[in-house]
Amino acid sequence: MRQAPPEPLDALVIGAGPAGLMAAEELARAGRRVVVIEAKPSVARKFLMAGKSGLNLTKDEPLDPFLSAFGIPSEFYRTIIGLFGPEQVMDWARDLGQRVFTGSSGRVFPEAMKASPLLRAWLRRLGEMGVEVRTRWRWRGWEGEAAIFDTPDGSRALVPQVTVLALGGASWARLGSDGAWAGILAAEGVPLAPFQPSNAGLNVDWSEHMARHFGAPVKGVALTCGKLSGRGEFIVSARGLEGGGIYSMTPAIREGQGLFIDLLPDWSLEKIVERLSRKRGKETRSNFLRKALKLDPVKLALLMEFARPLPEGEALARIVKALPVVHAGLRPMDEAISTAGGIMEEGLDPGLMLKARPGVFAAGEMLDWDAPTGGYLLTACLATGAWAGRHAAEYQG
């Protein structure tokens with residue numbers, strides 16, 4: 001098949017997830033003519049998957065604690081996310097006709113809960129702004145100034161005035177984030193931090209008695225791992241432990257820090273010691289612990305699993321307050337919700353343009369930041385997409 005001649009473009013966005021679509025919106029709003037390229041047959045697949053169980057848009061909390069959840073020491077990303085934080089995300093959703101509500105934990109959801117109504121409204125607005133979306137186009141790098149793509153009609157070359165890359169991290173490859181872009185950018189001299197799993201479950205080699213608890217939620221506990229700590233919930237699965245409480249500990253788990261569960265965070269050590277000092281009589285130890293400490297079946301099972309043989313008295317009370325989790329490491333990176341690593345800050349100018357490739361900007365999970373779930377991750381993708389799009393719109397070359 002004869003290759004088509006290079007096609008000149010005004011503005012190109014590669015990747016049609018939240019960061020890419022937000023960059024396209026900002027470019028179009030500034031009057032640029034935008035083409036969005038997506039390798040998959042449809043756009044925003046990971047976004048839609050995240051919204052199946054309730055689309056958590058952001059976290060309704062003051063900006064300082066919101067930013068502290070990222071563990072970002074640099075003012076670089078604090079500024080970017082601070083200018084498109086929780087309030088801006090909620091206003092953006094409302095502008096798309098999607099009313100939002102804040103749950104008891106501070107998490108913000110669209111009233112429809114699902115991602116699809118919001119995405120449909122967003123794509124409709126982008127279409128009205130003149131944004132063109134091309135699917136089944138896979139980027140494979142540059143030849144000079146031309147971006148080269150494999151398409152259903154063969155190889156195509158696009159020569160844009162400005163480009164925003166929003167290709168995601170390296171998890172959930174089947175939804176589009178495969179990290180294949182890393183080799184392309186490394187060859188261009190862009191500094192990259194290695195990909196690592198984030199917001200990932202833990203592998204646990206369970207004993208047989210845990211099988212009856214697979215699928216059970218663990219609530220009302222607190223977790224500590226290194227310098228990270230907080231209340232959270234998780235689920236006991238056949239493969240290990242999964243859920244927001246575990247995901248939030250991922251950065252410290254990656255560093256090899258031990259993970260501990262406080263099974264009774266509202267009870268003092270002294271109260272537990274007093275309860276354990278009561279006479280057991282003829283009760284089995286399991287029944288005694290269940291009644292004395294008011295442990296539900298799954299918490300009692302975890303205690304038996306990770307602390308057997310159980311000590312007595314205060315030693316047992318201390319374990320109840322800091323139960324060490326014996327695990328076999330994080331789930332594989334492709335099963336993680338997101339990844340840490342990617343384009344390092346020193347490879348970017350203040351507008352998120354690649355220093356090694358003038359006129360090319362980057363956004364979303366391609367960047368080397370690490371956010372927990374609970375609205376932080378999506379907010380950061382939208383924020384960096386908006387920032388890259390605005391600065392790309394101003395670029396004159």
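The values are calculated or read from the model by the stated rules, or taken from the named source; none is laboratory data. Note that the coordinates shown come from a computational prediction; the quantities given were computed from them, not determined experimentally. No Cβ is skipped: glycine too gets one built from the backbone with ideal geometry, and neighbour counts run over all protein chains shown.
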Is there a residue being part of a loop (DSSP other than H, G, I, E, B) and at positive phi anywhere in the range 59-75?
yes
Would you check if there is a residue in the range 32-45 being in a helix (DSSP H, G or I), surrounded by fewer than 22 Cβ atoms within 10 Å (Cβ to Cβ) and within 19 Å of the chain's Cα centre (by Cα)?
yes
Looking at (1) outside any helix (DSSP H, G or I); (2) touching a strand residue (DSSP E or B) at 6+ places or on another chain (Cβ under 9 Å), which is the one condition that is false for PRO350?
(2)
Residue under question is LEU300, and the condition is that it be free of Cβ contacts under 8 Å to residues at least 40 places away in the same chain, buried (at least 16 other Cβ atoms within 10 Å of the Cβ), part of a loop (DSSP other than H, G, I, E, B) and in the same structural domain as GLN257 (by TED's automatic domain parsing); does it hold?
no
For THR379, are the conditions met, namely being closer than 24 Å to ASN56 by Cα, crowded, with 24+ Cβ neighbours inside 10 Å and among the β-branched types (Val, Ile, Thr)?
yes
Would you confirm whether or not the range 213-225 contains a residue that is within 30 Å of GLY341 (Cβ to Cβ), surrounded by fewer than 21 Cβ atoms within 10 Å (Cβ to Cβ) and touching a residue at least 60 places away in the same chain (Cβ under 8 Å)?
yes
Of all residues in the range 26-67 being basic (Lys, Arg) and out of contact with any strand residue (DSSP E or B) (no Cβ under 8 Å at 6 or more places or on another chain), which is nearest to PRO8 (Cα to Cα)?
ARG29
Are there any pairs with C-beta distances below 6 angstrom linking a residue in the range 105-129 that is not assigned by TED's automatic domain parsing to the domain that holds VAL43 to a residue that is at pLDDT below 95 and buried (at least 17 other Cβ atoms within 10 Å of the Cβ), with the two at least 6 apart or on different chains, and if so which?
none
Within the range 366-387, identify whether any single residue is part of a strand (DSSP E or B), of a type in the set (Phe, Trp, Tyr), modelled with pLDDT of 95 or more and under 22 Å from the mean Cα position of the chain (by Cα), and answer yes or no.
no
Based on this model, can you work out whether ALA356 counts as of a type outside the set (Ser, Thr, Tyr) and more than 27 Å from VAL204 (Cβ to Cβ)?
yes
Matching residues, the range 234-252, being touching a residue at least 24 places away in the same chain (Cβ under 8 Å) and closer than 23 Å to MET304 by Cβ:
VAL236, SER237, ALA238, ARG239, GLY240, LEU241, GLU242, GLY243, GLY245, ILE246, MET249
Could you say which residue among ARG318, ARG290 is part of a helix (DSSP H, G or I), touching a residue at least 12 places away in the same chain (Cβ under 8 Å) and either in the same structural domain as ARG254 (by TED's automatic domain parsing) or not β-branched (Val, Ile, Thr) (or both)?
ARG318
Checking the structure you have, find out if any residue of the range 182-191 is touching a strand residue (DSSP E or B) at 6+ places or on another chain (Cβ under 6 Å), acidic (Asp, Glu) and modelled with pLDDT of 95 or more.
no
Could you please tell me which pairs satisfy a Cβ distance under 9 Å, a separation of 6+ or placement on different chains, a first residue in the range 73-88 that is closer than 16 Å to MET353 by Cα, and a second residue that is aliphatic (A, V, I, L, M) and at pLDDT below 90?
TYR77/LEU67
How many of the residues making up the range 192-212 are touching a strand residue (DSSP E or B) at 6+ places or on another chain (Cβ under 8 Å) and either without any contact (Cβ under 8 Å) to a residue 12 or more places away in the chain or β-branched (Val, Ile, Thr) (or both)?
1
From the option list ASP150, ASP178, single residue qualifying as surrounded by fewer than 21 Cβ atoms within 10 Å (Cβ to Cβ), assigned to a strand (DSSP E or B), free of Cβ contacts under 8 Å to residues at least 60 places away in the same chain and not aliphatic (A, V, I, L, M) is ASP150
Of the residues that make up the range 116-139, is at least one part of a loop (DSSP other than H, G, I, E, B), of a type in the set (Lys, Arg), under 25 Å from the mean Cα position of the chain (by Cα) and at pLDDT 95 or above?
yes
Of the numbered conditions (1) free of Cβ contacts under 8 Å to residues at least 40 places away in the same chain; (2) assigned to a loop (DSSP other than H, G, I, E, B), ALA4 satisfies every one except a single condition; which is it?
(1)
